[in-house]
Amino acid sequence: MRTYLLEKSRVVFQAEEERNYHIFYQLCASAALPEFKTLRLGNANYFHYTKQGGSPVIDGVDDAKEMVNTRQACTLLGISDSYQMGIFRILAGILHLGNVEFASRDSDSCTVPPKHEPLTIFCDLMGVEYEEMAHWLCHRKLATATETYIKPISKLHAINARDALAKHIYANLFNWIVDHVNKALHAAVKQHSFIGVLDIYGFETFEINSFEQFCINYANEKLQQQFNMHVFKLEQEEYMKEQIPWTLIDFYDNQPCINLIEAKMGVLDLLDEECKMPKGSDDSWAQKLYNTHLNKCALFEKPRMSNKAFIIKHFADKVEYQCEGFLEKNKDTVYEEQIRVLKSSKFKLLPELFQDEEKVLSPTSAAPSGRVPLTRMPVKPAKARPGQASKEHKKTVGHQFRNSLHLLMETLNATTPHYVRCIKPNDFKFPFTFDEKRAVQQLRACGVLETIRISAAGFPSRWTYQEFFSRYRVLMKQRDVLGDRKQTCKNVLEKLIQDKDKYQFGKTKIFFRAGQVAYLEKIRADKLRAACIRIQKTIRGWLMRKKYMRMRKAAITIQRHVRGYQARCYAKFLRRTRAAITIQKFQRMYVVRKRYRCMRDATIALQALLRGYMVRNKYQMMLREHKSVVIQKHVRGWLARRRYGRTLRAIVYLQCCYRRMMAKRELKKLKIEARSVERYKKLHIGLENKIMQLQRKIDEQNKEYKSLLEKMTALEVTYTTETEKLRGDVERLRLSEEEARSATSRVLSLQEEIAKLRTELHHTQAEKKSIEERADKYKHETEQLVSELKEQNSLLKTEKEELNRRIHDQAKEITESMERKLVEETKQLELDLNDERLRYQNLLNEFSRLEERYDDLKDEMNLMVSIPKPGHKRTDSTHSSNESEYTFSSEITEAEDLPLRMEQEPSEKKAALDMSLFLKLQKRVSELEQEKQSLQDELDRKEEQALRAKAKEEERPPIRGAELEYESLKRQELESENKKLKNELNELQKALTETRAPEVTAPGAPAYRVLLDQLTSVSEELEVRKEEVLILRSQLVSQKEAIQPKHTMTDATILLEDVQKMKDKGEIAQAYIGLKETNRLLESQLQSQRKSHENELESLRGEIQSLKEENNRQQQLLAQNLQLPPEARIEASLQHEITRLTNENLDLMEQLEKQDKTVRKLKKQLKVFAKKIGELEVGQMENISPGQIIDEPIRPVNIPRKEKDFQGMLEYKKEDEQKLVKNLILELKPRGVAVNLIPGLPAYILFMCVRHADYLNDDQKVRSLLTSTINGIKKVLKKRGDDFETVSFWLSNTCRFLHCLKQYSGEEGFMKHNTPRQNEHCLTNFDLAEYRQVLSDLAIQIYQQLVRVLENILQPMIVSGMLEHETIQGVSGVKPTGLRKRTSSIADEGTYTLDSIIRQLNSFHSVMCQHGMDPELIKQVVKQMFYIIGAVTLNNLLLRKDMCSWSKGMQIRYNVSQLEEWLRDKNLMNSGAKETLEPLIQAAQLLQVKKKTDEDAEAICSMCNALTTAQIVKVLNLYTPVNEFEERVLVSFIRTIQVRLRDRKDSPQLLMDAKHIFPVTFPFNPSSLALETIQIPASLGLGFISRV
């Protein structure tokens, strides 16, 4: 065991919350023991050396028990009981020595009080003379070459000498104990190596740092240098040994700081030199330090406000040292006379300590291990022993400390050190408390962060191949395992980790980057967890099945016994029941038989009489009916013949009229036909030569026509087969008619059989009646039984319903209680979350403020210092380690919280507000109607555009005159043929009706239906064939037009060709079929028109129904409104009108969106059609000869541009990044963008640029662009931070940029609302989650700045508009007596009104909506604005006595209702803004309610739950009546209120915190806008960006 750098200063001084060495407190705690009575100890607070820290007791530590453990340890190490008591005696003497006090006689001398008790006890314990020790504590001996002088010393020097003596005694005692322990542990075997444990103190910095902290920090500088070099050397050796590629890295070297302390002319050297000076002082030493190192060494500084301190930049932090006391502590003078007195002690252990002093201090005396244990204690030997010991004793503390430190460093360099860093979780010794800042400070001071940086730059995690194989064998499949473990590990790693830069293969180990081992462990844990779940599943299933089988077996056994018992009981019950029924049967049979016989005899007599009477009456009635039927027959026949004759004449007349009309039409058509043929004959005169020339061309196409004729003949064959089938069907119908006639004869025979059956039916009916009577009796008995069973069932049902009701009530109560608990827990969690979010945002605000302050100070320094100072400038270790990763964190600057300079704009003159609420609402309704009309006009305009586009689409080239004539001729032919077919069909139907019997040929007869079905099927088949023929004809005509030259007249040739072909039989059939097809087309058009007409009727009926419903609803509302008072009636009607207009606006918006979609669809179709037309024109141009092309005039042709398929990315060059930021962020005007462009356009452009950088896999470009963007936004906000539009614009764009990063991040949670096309646009190479957090923090800062801007704008308006201005004229006309009217001194035109506030709110809301801000964010901004209004108004109300009156309460209530109406108009009632006004509303209600009785006090306490007790009492105290009808609030009533609110736990604060900002959240709001459709306007000046 060796001693290095013993902290003996702790013996005489302890800092706050610290203790002295534990042995002193253990002695004080054991003072009551018998063996310690002679030490005369007491409580630790009694001694000066143990009470300076203020905490003599440690929680959880029993010093008395620890004393027992200490004595046991000393015994175990070979220290006898006598030596132990001697050690305790010396330690007790040190405690008593600390209580020795001195009295000053003058400035240069002092004395010890006579018979001073502490000194007496010290002398008794040490075995020395009291007078001698008292003398030398106050005097010292000065020896010159010739004489010796005894000089008194001052009180301060005496105290220092006392403390030095105590430290010297303790240091010698400590060295003696170490020496004895080493002797006890010494082994005879020679030691070749050893394991040592070095306990060293850490880096220290306090408010006042002196010589002790300087030495400690100097030692830590040396140890940190050795630690860094050791870690770096181990890393380098490991990488070189494993032969992996490695780049040398730099680490911080603190050698300049060590040179400043220990080099020649360093701090210690100058201190030792000053200590040797006769009149050396701390001030002169400080001046030497300034002259030597100031402005020459970058690590040395001088404080601004002190000339007795200096600053050294250590590796961990800057430390300011106070020069006072450095010289005295460095000398650490122990007078030789005091040592000589102690050596003359009768206590044998004390001289032994000072005898061993020379051996302990000698650098040549070897320890058991061959090393020299050193201490920093100075020792002054007696004069009788001059030489080396005396020389060593005269060394200063700094010199001894430096030598001891050098020996320690030699030992560390000669060994292999391992380090354990101890970190205190907190400074208060509290359990389960972790101070993050304190921990980071300790880690930085210990150099751990620097070490982590060195390790993280390489490969901090490593595994041998065998360890890796054993650990991750579970991730390998059987086929992956090879004989070579190294190759197996390589194959598995290539599959698990795709990025090969994340690991390296060495000779014997695998090296991983940071985080890769955690990734592998996660995969391994998931695999093991899945296997464990499968094992658990199987075992649990087996156990549950085993348990189930056991329970099933037991249940079956129980059921068997129970069912046997029940069966036996039931059998016994059946036997008894059967016997009882047999007895009852015979008894009841006898009674019933007797009763039945009596009733039967009486019934037969009555029936005989009654039936005779009924038969006679029936005969008379039948006779009268027969006579009346004969009369009716003759009368009805005459009437029918008369009606038939009249009807026949009318029908004949109508037929004549109709046939005459049809004949006239036919004649007219024939005349037209004759005229058209004659005209064509005139036109064709002289064209025979041209026809002959064209005949050759027609012959060339005869081959094509022949193929078509063949098809036509095939169609005719099918037609003839169909007609033959129809004729066969007609024959079959005739046969069926003959069969029907034969069936009529059979019907007569069947009627006779029916008569016979009727007689049999009468007999069966009589038997049925007797059976029914029996059945009625049985039914009656069964009904009684059923009624009894129903009663029992109803009782059971009522019991069941009662039980179900109870169960339902209990379940309902349980669910309600659970829901209440859940709601309470949810509210508590939300409150905690809001608190945490508020704390985080406050920290962000503080961070931004400090960062702005730092930037301002840096700017001031740059202005003040023109020439940089020479020397080495070192950055902080944490800054250098984090700069590469988070560049933006050190470069971002924000706007400083400067006071807003708001110019007071003169407001409008206060006009008398005579308008009522009805007129205001009516004005709002008219505005909504105008808005509706504008939307309707826009919808009509869109519809017209759609119709124009559709008309353009349907436009075709004009048909030539010859084609029109040809079509008209063909249509006339088809119409005439159609009429002929209809006549034939009518004739066929007439023939059928005339030649068949009426019952067979009736419209509903089977034969008639079969015939019509056959005819309809034939007609449908013919229509299909007609369509095919028409299609072929149209193709032939189009081919002719393409072949024939355009400048010739084709009309005559076509007509002649048709006339010639009409002579051919096949062409006649073709024309016949064409006519039928035309007829079918006309019928289909008629049906389509009929259907459209029916659809229109249905839609009109639906509109009529909706109008009826609307009318009924209006009538109901009118009836309800009539029952309301007039004010409520007006408000309800206006509210209904607003709702109706809102619904209509929404419907119009939906229609507008549909029209937009239709327009876009039509545009796409137009493009497709234009493309097709262009292709057809090109094809036609290829078929036309060159001569024809020359003759035609050249027309301009629109060539449609083929749209490029954009990927939604923007490409820019690296050098254009600053230009992009300048044009898009720094110089962009928000007002122009908000009015002319889509909301959030800058955010979309920036994200599309980021997408392109991600597509190129360029991380530098992504990082540079994002950093420049964030810095640009902060610069804009710092420059124009007091402009609301600018702050709102960039808050909206920052949120949109954040939403885009989330929406296209590729995470499933953000891709739910994306389209497939948007999912293709997701980022593929980089995870920007960290930048999302940075953007979220930036958005929070912008939001807080926006709130500050709002507050500065609204602040001057609130008091005047909410309190001072009289919104309701005449209410507060009478002021309280003795109070002046504050607003009278201010001009009316300079004040703000409530309308000013509402106009400002409208301005804010419209600006945010124009900028496209998220609706949830707008709600949060509105909530914050209303909180500011409510807080400022309530604070002014609580501070102004003239505002606390009944009339002012009414004014406030009205103003608040206007604000609520504004929220309702903007659909912001669910934003939580109304709740922020609750304290103000309750304060206004408090001013208006009665304040006299106890019931009033109870009502006030229950009503004012949002106000604190102090606020309620304040309002009641300030309440001042303004007229004779009001009274002041009594003091007794106020005391009653205080007593009732005594148990309420609320804040004692009177005023609300108007600066409070609610925590803001940014809910995810995906965009439906497709990135590929975004166009970049030229006004932005982004021509260097191209769409990709």
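The values are calculated or read from the model by the stated rules, or taken from the named source; none is laboratory data. The structure presented is a predicted model; accordingly, all values stated were derived computationally and were not measured. When we count neighbours, we look across all protein chains shown, and the Cβ atoms used for this are built from the backbone with ideal geometry, even at glycine. Heavy atoms of the whole protein, side chains included, go into the accessibility calculation; ligands, DNA and RNA do not. Shrake-Rupley method; radii C 1.70, N 1.55, O 1.52, S 1.80 Å.
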Handout entry: Out of LEU520, LEU528, LEU493, sole residue that is in contact with a strand residue (DSSP E or B) (Cβ under 7 Å, 6 or more places away or on another chain) and modelled with pLDDT of 85 or more
Key = LEU493
Practice task
Could you grab the pairs with beta carbons closer than 8 Å, sequence gap of 6+ or different chains, first residue in region 207-235 and touching a residue at least 60 places away in the same chain (Cβ under 8 Å), second one polar (S, T, N, Q) and part of a helix (DSSP H, G or I)?
Solution key: PHE211/ASN330; GLU212/SER9; GLN226/ASN413; PHE227/THR451; ASN228/THR451; VAL231/THR451; VAL231/SER455; GLU235/SER455
Problem - Residue match in region 1502-1511 (condition: closer than 30 Å to TRP1446 by Cα, in a loop (DSSP other than H, G, I, E, B) and either touching a residue at least 40 places away in the same chain (Cβ under 8 Å) or in contact with a strand residue (DSSP E or B) (Cβ under 7 Å, 6 or more places away or on another chain) (or both)) - result: yes
Completion exercise
Going through (1) surrounded by 11 or more Cβ atoms within 10 Å (Cβ to Cβ); (2) farther than 30 Å from GLU235 by Cβ one by one, THR488 fails only at (2)
Exercise for the section: Test ASN254 against the criterion of being closer than 21 Å to GLN226 by Cα and crowded, with 18+ Cβ neighbours inside 10 Å, and give yes or no. Expected result: yes
Exercise for the section: Filter region 442-451 down to residues that are in contact (Cβ under 8 Å) with a residue 24 or more places away in the chain and not hydroxyl-bearing (Ser, Thr, Tyr) and give me whichever is farthest from LEU234 (Cα to Cα). Expected result: GLN442
Handout entry: Check on ALA44, surrounded by 13 or more Cβ atoms within 10 Å (Cβ to Cβ), more than 22 Å from ILE169 (Cα to Cα) and not charged (D, E, K, R)
Key = no
Practice task
Among the numbered conditions (1) buried (at least 18 other Cβ atoms within 10 Å of the Cβ); (2) assigned to a helix (DSSP H, G or I), tell me where LEU1323 comes up short.
Solution key: (2)
Completion exercise
So, first residue among the acidic types (Asp, Glu) in region 1542-1555, second residue surrounded by 13 or more Cβ atoms within 10 Å (Cβ to Cβ), Cβ within less than 6 Å, six or more apart or across chains; the pairs are ASP1546/THR1508
Practice task
Could you grab me the full set of residues in region 105-123 that are without any contact (Cβ under 8 Å) to a residue 24 or more places away in the chain and within 19 Å of ARG340 (Cβ to Cβ)?
Solution key: LEU119, CYS123
Completion exercise
The one condition LEU234 fails out of (1) assigned to a helix (DSSP H, G or I); (2) surrounded by fewer than 17 Cβ atoms within 10 Å (Cβ to Cβ); (3) modelled with pLDDT of 80 or more is (3)
Problem - Cross-chain or 6+ apart pairs with Cβ under 8 Å, region 1402-1414 first and over 14 Å from ASP1465 (Cβ atoms), then basic (Lys, Arg) and crowded, with 19+ Cβ neighbours inside 10 Å - result: GLY1412/ARG1296
Handout entry: Complete set of residues in region 1294-1317 that are open to solvent by less than 10 Å² (accessible area, probe 1.4 Å) and either outside any helix (DSSP H, G or I) or touching a residue at least 60 places away in the same chain (Cβ under 8 Å) (or both)
Key = CYS1295, LEU1298, HIS1299, CYS1300, GLN1303, TYR1304
Fill in the blank from the handout: Of the residues in region 1223-1276 that are open to solvent by 10 Å² or more (accessible area, probe 1.4 Å) and polar (S, T, N, Q), the one that is farthest from SER1336 (Cα to Cα) is ASN1236
Exercise for the section: Please tell me if SER1288 is part of a helix (DSSP H, G or I), modelled with pLDDT of 90 or more and in contact with a Gly (Cβ under 6 Å, 6 or more places away or on another chain). Expected result: no
Fill in the blank from the handout: Considering residues that are part of a loop (DSSP other than H, G, I, E, B) and out of contact with any strand residue (DSSP E or B) (no Cβ under 6 Å at 6 or more places or on another chain), the number found within region 1556-1588 is 23
Handout entry: Qualifying positions in region 103-146 - of a type in the set (A, V, I, L, M) and more than 28 Å from GLY86 (Cβ to Cβ)
Key = ALA103, LEU142, ALA143, ALA145
Practice task
Would you mention how many residues in region 257-298 are open to solvent by less than 50 Å² (accessible area, probe 1.4 Å), in contact (Cβ under 8 Å) with a residue 60 or more places away in the chain and in a loop (DSSP other than H, G, I, E, B)?
Solution key: 2
Fill in the blank from the handout: If we take region 72-182, then strands (runs of 3 or more DSSP E) inside it with 2 or more residues that are closer than 25 Å to GLU328 by Cα and open to solvent by less than 50 Å² (accessible area, probe 1.4 Å) are 109-111
Exercise for the section: For region 811-828, state whether one or more residues are within 21 Å of the chain's Cα centre (by Cα), surrounded by 10 or more Cβ atoms within 10 Å (Cβ to Cβ) and within 30 Å of ARG1348 (Cβ to Cβ). Expected result: yes
